[in-house]
Amino acid sequence: MRYSFLGCPIDALSMAETVEVARGAMRSRRRVQHVALNVAKLVNMRSDPVLAADVANSDVVGIDGMGIVWGARALGLPVTSRVAGVDLLGELLAICAWEGFKPFFLGARPEVLQGAAERVRELYPAIRFAGLRDGYFTREQEPEVVRAIRESGADCLFIGMPTPRKERFLAAHRDELATPFIMGVGGSFDVLAGAVQRAPERMQRFGLEWLYRVYQEPRRMWWRYARTNALYAGILTTALVRQGLGGAVGPGGFAPPAGRVGG
């Protein structure tokens, strides 16, 4: 079921439902684009029209962060759980190995990309990659990258490039890729390669993965999370006040549910 949350579409799908949507796309060769929504992305959408358009045009807007789960529940939306992007990637790679679908990895540094692919092959010896391409290419090289993806016959494309570069790449080339399932995976290649450690499970359950990232990379991460978390708290508080005063037009703070994937 699709809802509007703080002006952003979200799909209240479970992990199993999301996996089934992806599997259906790969079987039918009908394109489905998935985006994983967290607090930082929701906040940054408000000042980045390219990012906002990418989310709005995605077929599945998965709930990646616990902050989104708690905010949606506070506004009365029936959100039961999140579907973390890195966990979804793992589930889909297992499906690829079992059912013969071929993934394409795009993004990250060359050594990280190779490390991630090696780890996947260790976990799933039967898997066959359609291709691997690091994220270090120029705009002039983009047609070559697009051609390699299209000609690879990939069933799914996992993109580990930063925002807004990923969004700009997809806006320019989405229709040329001929890949049924497309998903941005953020820093998941770094996790697979062992270059970055995930937060302990208890911190994940309490929505404190951001704090663990700050602990790992304080100089790079502390201001990013301080800014986006503070802005999100303000946006959510405003929506709660409006809803309490009867000013919202529906659950989620802005608009009533709208159907798309899952709805």
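Data for the structure
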read-out: Unit charges on C-beta of K, R, D, E only; dipole of the chain, Debye; value: 440 debye
read-out: Total formal charge among the other residues, if their Cβ is under 15 angstrom from that of Arg82, Lys/Arg +1 and Asp/Glu -1; value: -3
read-out: Radius of gyration and Dmax over the Cα atoms of the chain, both given in Å; value: 18.2, 57
read-out: Region 43-147, relative contact order [Cα under 8 Å, separation at least 6], %; value: 20 percent
read-out: Within the chain, longest stretch free of exposed chymotrypsin sites (Phe, Trp or Tyr not before Pro) [DSSP loop, at most 12 other beta carbons within 10 Å]; value: 1-135
read-out: Mean accessible surface per residue for the chain, computed with a 1.4 Å probe while every protein chain stays in place, in Å²; value: 47 Å²
read-out: Heavy-atom accessible surface of the chain: percent carbon and sulfur, 1.4 Å; value: 54 percent
read-out: Top of Met203, Met15, Met66 by mean-square fluctuation, Gaussian network on the chain, Cα under 10 Å; value: Met203
read-out: Using alpha-carbon coordinates, inclination of helix 218-244 to the longest axis of the chain, degrees; value: 40 degrees
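The values are calculated or read from the model by the stated rules, or taken from the named source; none is laboratory data. Predicted model only: the values in this text are computed from it and were never measured. No Cβ is skipped: glycine too gets one built from the backbone with ideal geometry, and neighbour counts run over all protein chains shown. Keep in mind that these areas ignore ligands, DNA and RNA; they rest on the heavy atoms of the full protein, side chains included. Shrake-Rupley method; radii C 1.70, N 1.55, O 1.52, S 1.80 Å.
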